[in-house]
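To keep things clear, I will list the structure first and then write my remarks on it.
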Amino acid sequence: MVISQGAAAVAPEPHDEAAWGEIARHWSFTPGVTFLNHGSFGAVPRPVMQTRQELLAQLNRDPVHFFFRVMQPQMEAARHRLGSFLNAHGDDLVFVENATMAMNAVARSVRLAPGDEVLTTDHEYGAVMRIWHRACERAGARLVVQPLPCPLDDADACVAALYAGAGPRTRLVFFSHVTAPTAAILPAAALCRAARERGLPVCIDGPHALGATPVDLTALDCDYYTASCHKWLLAPVSVGMLYVHPRAQSSIEPAVVSWGRTLGYEDSPSWRDEFNWSGTRDATPVLCLPAGLDFLESIGVEAFRRRTHYLAQRARREIEALTGLSPVAPDDVRWYGSMTALPVPADDGPRLQAALWEQFQIEVPVFEWHGRRMVRVSCQMYTAPRDIERLVQALGRLLSLPAASETRS
């Protein structure tokens, strides 16, 4: 059950279906829909929706008052709250619309010359790859994509594989904290240490990490960290985050330029000024972030992680038993958390995803990665074991495979 803000919470155990069932009542899904795609577009609980409705009403009662006197101080408070959650100083963070905007700002700010190289892995999100492909093409630089070991089960091997592609012209390394197509937690701390040893700046793409796995930005000591907060931090869509280490703040620029400091709320100029006002936009999603963190912390962050990993593990084991195909990452909480990606023997991923929705009303993505079809299952506090069972049964029917229960004596 959700404990009221400020009260002591008794975190439910991962298998306590009655307690998690009560928590799930705070979401409003269409009856009959099985939603296993929180990793793409997270739905927010009712208390966060209520907070946004109240903010929108306040905005409409006096828009000038809201934009000039309410928005900036509340955004500053939300920024420091997020910084505290990530063990970073709030002054090293800015809000942007999404992780894409944050990554575009980094790509715009890193000065590349002909012959330079940007280093990354073969597990990266397509939109991020497109951003860096374009940045390299415009500069005459080269994007170096290093394959990581498969399976992913050794941090040292991951480090060695990535940095085998580093050279004298490498200007930046970027990688996902939690990968989108394979749902694997990469050894971010080890990868950052190796970059520092080589004197290379690092940008981490972290939309799937915030909340789902511990993120300590001070310990990571990366140069940039980009993320969206509408996934595991329970904020509405349009809440993105960009962390910039102080050593890189003098060169960072937003992807969109507007009035910047003209509306300056802060007393002295800072690198954040150009990000604070990128044009007139709906700032209420950002101002809802503290409400999302309140909800998450009322349940217990670790309780949420244990529950969602328990469900992801269940999905992993059931689908692996169904297909006989091994996942990319080992069955270990160090390598996957609230979501898991499983290979399935499908010839046409988009057709399988469409059939899961059209025939069973199951929302779950099917990715193609290195010629494999991967079903990625995201688990949130509203997910129940019956949702996993429904997916496994649907996959068995669509792929003409025996149900997992039929494969065991």
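Bear in mind that the values in this text are calculations on the coordinates, not laboratory data. Small disclaimer: the values here were computed from a predicted structure and weren't measured. Here the Cβ positions follow ideal geometry from the backbone for every residue, glycine too, while neighbour counts run over all protein chains shown.
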Query raised in the report: Rule-of-thumb check for region 268-334: C-alpha Rg over 2.2 N^0.38 Å?
Result: 1.86
Report summary line: Phi angles of region 24-33, converted by Karplus (6.51 cos²θ - 1.76 cosθ + 1.60, θ = phi - 60°) into ³J(HN,Hα) in whole Hz with x for Gly and Pro, give 4, 5, 7, 10, 10, 7, 4, x, x, 8
Query raised in the report: When only C-alpha pairs under 8 Å and at least 6 residues apart count, what is the relative contact order of region 53-294, in percent?
Result: 23 percent
Query raised in the report: Rounded, prolate or oblate: which one fits the chain, using the alpha carbon gyration tensor with axes a ≥ b ≥ c (rounded when a/c is under 1.5, else prolate when a/b beats b/c, else oblate)?
Result: oblate
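Can you give the FRET efficiency for residue 57 and residue 33, using 1/(1 + (r/R0)^6), R0 = 25 Å, r = Cβ-Cβ distance, to the nearest 0.05? Spell out each step's value before the answer.
Values: r = 29 Å, r/R0 = 1.15.
Once the sixth-power term is evaluated, E becomes 0.30.
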Query raised in the report: Per the helix-only calculation at 222 nm, which mean residue ellipticity applies to the chain, given -39500 (n - 2.57) for every DSSP H run of n ≥ 4 and division by its residues, nearest 500 deg cm²/dmol?
Result: -11500 deg cm²/dmol
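Calculate the translational D of region 53-294 in whole µm² s⁻¹ from Stokes-Einstein, where the hydrodynamic radius comes from the Kirkwood formula applied to all Cα pairs, the temperature is 10 °C and the viscosity 1.306 mPa s.
86 µm²/s
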Report summary line: For region 204-302 the chymotrypsin sites (Phe, Trp or Tyr not before Pro) that pass both the DSSP coil test and the at-most-14 other-Cβ-within-10 Å test are 259
Requested in this report: Would you order 36, 296 from fewest to most other beta-carbon atoms within 10 Å of each residue's own beta-carbon?
Outcome: 296, 36
Query raised in the report: In region 166-198, which residues have a backbone nitrogen under 18 Å from the label point lying 7 Å from residue 155's Cα in the Cα-to-Cβ direction?
Result: 175-179, 184-198
Query - Residues whose placed amide H lies under 5 Å from that of residue 125, excluding near-sequence neighbours - result: 180
Query raised in the report: Hey, what do the phi angles of region 314-329 turn into as Karplus ³J(HN,Hα) couplings, whole Hz, using 6.51/-1.76/1.60 and θ = phi - 60°, x for Gly and Pro?
Result: 4, 4, 4, 5, 5, 6, 5, 5, 5, 9, x, 9, 7, x, 6, 10
